[in-house]
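One structure below.
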Amino acid sequence: MDVTFTKEDLVFRDEVREFFATEYDFSMAGSLNLATISDGECYKDAIVKWQKKLHAKGWIAPSWPVEYGGAGWSVTQKFIFETERGAAGIPAVIPFGISMVAPVIYTFGNEEQKKKFLPRILSSDDWWCQGYSEPGAGSDLAALSTSADLVDGEYLVNGHKIWTSYAQYADWIFCLVRTSKETRKQQGISFLLIDMKTPGISIKPIVTIDGRHHLNEVMFEDVRVPVENLIGEQDKGWTYAKALLAHERTGMAEVADSKRAFSELKERAKYEVNGGRAMIDDPLFQMRMSDVETELMALEYTELRVLAAMAEGGTPGPESSLLKIKGTEITQAIQELQLQLVAYYGGGIPSNVQKDGCGHAFAEEARCGYLFGRAATIYGGSNEVQRNVIAKMVLGV
Amino acid sequence: MNFQLSDEQAMLKDSVARYVKDQYNFDTRKKIISSEKGMSTESWAIFSDLGWLSIPFSEHYGGYGGGNEDIAVIMEELGKGIVVEPFVPTILLFGGLLSHCGPNDIAADLIPKIIEGHCLGAFAYLERQSRFEIADMKTTAIHSKKGWCINGSKSVVLNGSNATHIIVAARTSGGQYDLSGISLFMVDADTRGISILPYGMMDGHKAANINFDDVKIPADALLGNLDEGMRIVEKIMPQVLIGLCAEAIGIMAVLNEATVAYTKTRHQFGVPISSFQALQHRMVDTFMAAEQARSMVYRALCAFGEGNLDDENERMRSLHAMKISVAKSSKLIGEEAIQIHGGMGMTDELNIGHYVKRLMTINLMFGDGDYHQRRFNKISYQAA
Ligand SMILES: Cc1cc2nc3c(=O)[nH]c(=O)nc-3n(C[C@H](O)[C@H](O)[C@H](O)COP(=O)(O)OP(=O)(O)OC[C@H]3O[C@@H](n4cnc5c(N)ncnc54)[C@H](O)[C@@H]3O)c2cc1C
């Protein structure tokens with residue numbers, strides 16, 4: 001058993017490091033931090049600019065098949081890339097286009113669709129959002145009722161999507177819609193790509209408890225969608241979406257980002273004091289930190305076990321199912337400690353003039369990170385639903 | 001043994017509960033928070049008319065002469081409406097300090113004004129570095145022939161922007177961390193040299209950073225004995241902590257009730273989500289957590305009740321244990337309330353998140369759970 005890298009891997013790692021160090025604009029880090037964004041357009045511009053650099057290098061979508069623009073990396077190389085990205089504090093690529101809709105398009109879409117959509121996803125010229133959830137269909141996604149009726153060679157879409165992340169920036173939305181009410185509720189669902197500029201679509205912002213605008217309601221009123229935008233066969237959308245959900249869930253361990261967040265916590269604990277003593281020297285706070293760090297160390301190796309299985313060309317074992325649950329719980333535990341560290345000073349919401357209101361520069365990040373971070377155990381299949389799945393699929397009960 | 005409220009307390013509880021229910025709904029609160037002052041002067045006048053502002057003050061000053069229990073009764077009900085008016089900073093902190101610094105002209109002048117609702121107070125003690133050790137203080141007050149001159153910066157002063165009067169803690173002797181050598185001074189908020197930077201807190205309350213730049217005040221602005229300010233602060237802490245924890249149990253009750261109710265109406269997979277055992281067990285846990293926190297508030301009330309406990313150590317153990325228990329229970333209850341509401345729990349529009357943010361803030365005030373656990377350990381566990 002060993003986890004040493006080959007010489008080639010180390011060369012690759014240096015190349016990645018070098019690229020991040022020279023190409024990423026660290027002065028933009030503030031605008032790219034979702035916990036602290038105050039200006040949405042600025043955020044969008046910054047992230048698109050960065051993604052275009054990744055694209056120019058050919059590293060925007062390493063996991064795609066090479067023929068569509070993937071990097072052809074080994075599992076180890078992908079791991080190295082993610083680790084270095086996290087360590088450098090660089091945000092992950094926005095998932096909706098690159099890792100959510102694109103795999104569905106290149107796996108189940110037709111040639112025209114691939115030609116039309118994939119290049120603009122790679123270049124970040126199109127921003128995608130995910131239109132699955134509805135007011136009546138959250139955990140029970142198959143209960144969705146947004147309808148698409150075939151009328152004169154077009155789909156007429158009517159319905160109401162909710163919790164749509166960053167729809168305010170989106171050019172396109174990929175939706176699950178109901179095309180047949182006759183059958184079992186999972187059948188009758190289709191996967192439809194819709195241009196956000198189509199008449200009849202309206203967006204209503206939802207402000208979250210961190211005081212920011214991440215989410216939206218998206219309403220469809222007699223929206224006409226060409227049949228060419230249907231992925232695969234009508235009424236088979238559920239199967240395609242399920243393949244995609246699996247993608248979404250394994251991407252949620254976020255070990256690299258948690259390691260980075262933890263090292264920031266540790267750094268801050270050196271400067272935050274109580275009674276003149278640094279918090280990092282406080283035995284009780286040390287216990288809180290090591291509780292989290294040891295969990296993270298274990299998760300890192302759980303992820304490596306999954307990657308090793310995949311590197312062998314196999315399918316990951318049951319351990320992969322815990323990545324999302326543990327990953328999000330650890331992320332939240334770190335956010336809780338950041339909040340504990342900033343203490344009462346983090347409660348103040350400074351005006352824009354006075355960013356670090358109480359002299360604690362990470363106050364806003366700690367408060368908003370904790371508050372918005374609560375969502376990680378709700379979206380992408382809530383942790384309760386994940387536990388149900390593990391009980392059934394892994395434990396067989 | 002008796003945990004019943006007296007008739008007067010039951011009436012007080014009823015009066016606050018009715019006000020919150022009839023006149024302080026979530027929309028009203030939202031409007032108040034987004035107003036420039038961040039508080040409602042009309043509400044404050046009503047609090048005065050209803051006699052709430054007089055509760056802890058001695059009859060001597062025209063007060064009601066109430067005790068910790070009366071405060072707990074009011075605070076629990078205010079918690080249920082997450083009322084943002086400055087009851088804690090004006091009545092419990094500012095008023096508490098005035099009441100405990102010995103008979104003096106300032107108290108005789110200001111306490112009746114507090115009761116009438118005309119004096120709003122703040123206590124400026126926290127500094128950028130002090131966190132939970134209040135005595136870690138750099139602000140200084142220097143004595144001269146003409147009086148005192150104050151210099152320093154205070155952070156997160158509750159009600160700092162609306163206060164007409166501020167009690168400021170400043171070092172008059174000793175080193176930065178010494179418990180003794182801190183004195184309390186009364187200053188008018190508009191004294192020259194004071195600059196106030198107001199901001200909102202995540203719980204909707206107003207606070208401010210306050211700079212004191214050569215602020216000159218008369219010699220008789222000193223409250224209580226020179227260098228013994230921390231003793232006065234320690235005297236008011238039980239009531240302040242009991243008040244805050246009582247507010248917290250009011251909030252917990254609302255969150256638990258709302259969450260259980262939500263699960264009965266929210267359907268997924270063709271059934272109410274309340275039918276899932278995974279959620280039922282968790283709601284049983286949050287129910288138990290709220291009851292345990294309530295018991296700890298009662299325990300602290302008994303410990304500090306008249307003549308109930310002479311053992312100072314045991315009193316302090318109950319006080320710390322209360323804050324620890326409330327911290328643990330609030331964290332569990334707040335996080336579960338959001339989680340079990342799903343996406344809805346994340347919205348600013350729903351009241352849940354606002355209740356959670358007030359709980360989070362209460363947890364961080366005057367020591368978080370870990371701080372009190374350290375103190376608890378220190379006085380509880382020794383080899384000899
Ligand atoms: C920040 C954020 C971003 C999101 N982004 C998107 C997006 O871009 N696109 C999109 O389509 N959706 C998005 N969502 C929606 C997300 O997928 C849903 O919130 C999620 O599926 C849960 O659904 P719900 O909110 O309706 O909660 P509900 O399904 O009503 O669940 C409420 C509670 O019941 C629990 N529960 C439900 N069923 C069971 C069960 N069988 N057993 C035990 N417990 C159960 C849940 O775990 C939860 O705690 C986002 C949500 C959030 C919060």
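The values are calculated or read from the model by the stated rules, or taken from the named source; none is laboratory data. Owing to the predicted nature of the structure, the values given are computational and were not obtained by experimental measurement. Quick reminder, even Gly has a Cβ in these numbers, built from the backbone with ideal geometry, and neighbours come from all protein chains shown.
The table below gives the values:
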{"item": "Wholly enclosed helices (runs of 4 or more DSSP H) of the stretch B:269-384 bearing at least 3 residues among the hydroxyl-bearing types (S, T, Y), within 30 Å of B:N25 (Cα to Cα) and at pLDDT 95 or above", "result": "B:277-303, B:312-341"}
{"item": "Residue in the stretch B:251-277 that is surrounded by the fewest Cβ atoms within 10 Å (Cβ to Cβ), counting only those that are hydroxyl-bearing (S, T, Y) and more than 26 Å from B:I74 (Cβ to Cβ)", "result": "B:T265"}
{"item": "Among the residues listed as B:V326, B:V356, the single one being more than 16 Å from the ligand (Cβ to nearest atom) and within 18 Å of B:M283 (Cα to Cα)", "result": "B:V326"}
{"item": "Residues of the stretch B:30-78 classified as over 19 Å from the mean Cα position of the chain (by Cα), part of a helix (DSSP H, G or I) and within 17 Å of B:K13 (Cβ to Cβ), total", "result": "1"}
{"item": "Strands (runs of 3 or more DSSP E) contained in the stretch B:119-185 and holding at least 1 residues within 11 Å of chain A (Cβ to nearest Cβ)", "result": "B:147-158"}
{"item": "Residues (in contact (Cβ under 8 Å) with a residue 40 or more places away in the chain and within 15 Å of the ligand (Cβ to nearest atom)) located in the stretch A:142-156", "result": "A:A142, A:A143, A:L144, A:T146"}
{"item": "Total residues in the stretch A:128-169, condition away from chain B (no Cβ under 14 Å) and surrounded by fewer than 22 Cβ atoms within 10 Å (Cβ to Cβ)", "result": "13"}
{"item": "Some residue of the stretch A:75-94 being surrounded by 15 or more Cβ atoms within 10 Å (Cβ to Cβ), on the phi > 0 side of the Ramachandran plot and outside any helix (DSSP H, G or I)", "result": "yes"}
{"item": "Which numbered condition A:G380 misses (of (1) within 14 Å of chain B (Cβ to nearest Cβ); (2) in contact with a helix residue (DSSP H, G or I) (Cβ under 7 Å, 6 or more places away or on another chain); (3) away from the ligand (no atom under 13 Å from the Cβ); (4) modelled with pLDDT under 95)", "result": "(3)"}
{"item": "Residue within the stretch A:350-367 that is modelled with pLDDT under 90 and near the ligand (Cβ under 9 Å from one of its atoms) present", "result": "no"}
{"item": "Candidates A:G237, A:G232, A:G200 - the one that is modelled with pLDDT of 95 or more and either under 29 Å from B:L350 (Cα atoms) or exposed (fewer than 15 other Cβ atoms within 10 Å of the Cβ) (or both)", "result": "A:G200"}
{"item": "Out of B:I249, B:I217, B:I242, sole residue that is in a helix (DSSP H, G or I), touching a Gly at 6+ places or on another chain (Cβ under 9 Å), more than 16 Å from the ligand (Cβ to nearest atom) and more than 14 Å from chain A (Cβ to nearest Cβ)", "result": "B:I249"}
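Residues checked against (1) assigned by TED's automatic domain parsing to the domain that holds A:A46; (2) within 12 Å of the ligand (Cβ to nearest atom); (3) more than 13 Å from the chain's Cα centre (by Cα):
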position: A:F96; (1), (2), (3): no, yes, no
position: A:S99; (1), (2), (3): no, no, no
position: A:A102; (1), (2), (3): no, no, yes
position: A:F108; (1), (2), (3): no, no, yes
position: A:K114; (1), (2), (3): no, no, yes
position: A:P119; (1), (2), (3): no, no, yes
position: A:L122; (1), (2), (3): no, no, yes
position: A:P135; (1), (2), (3): no, yes, yes
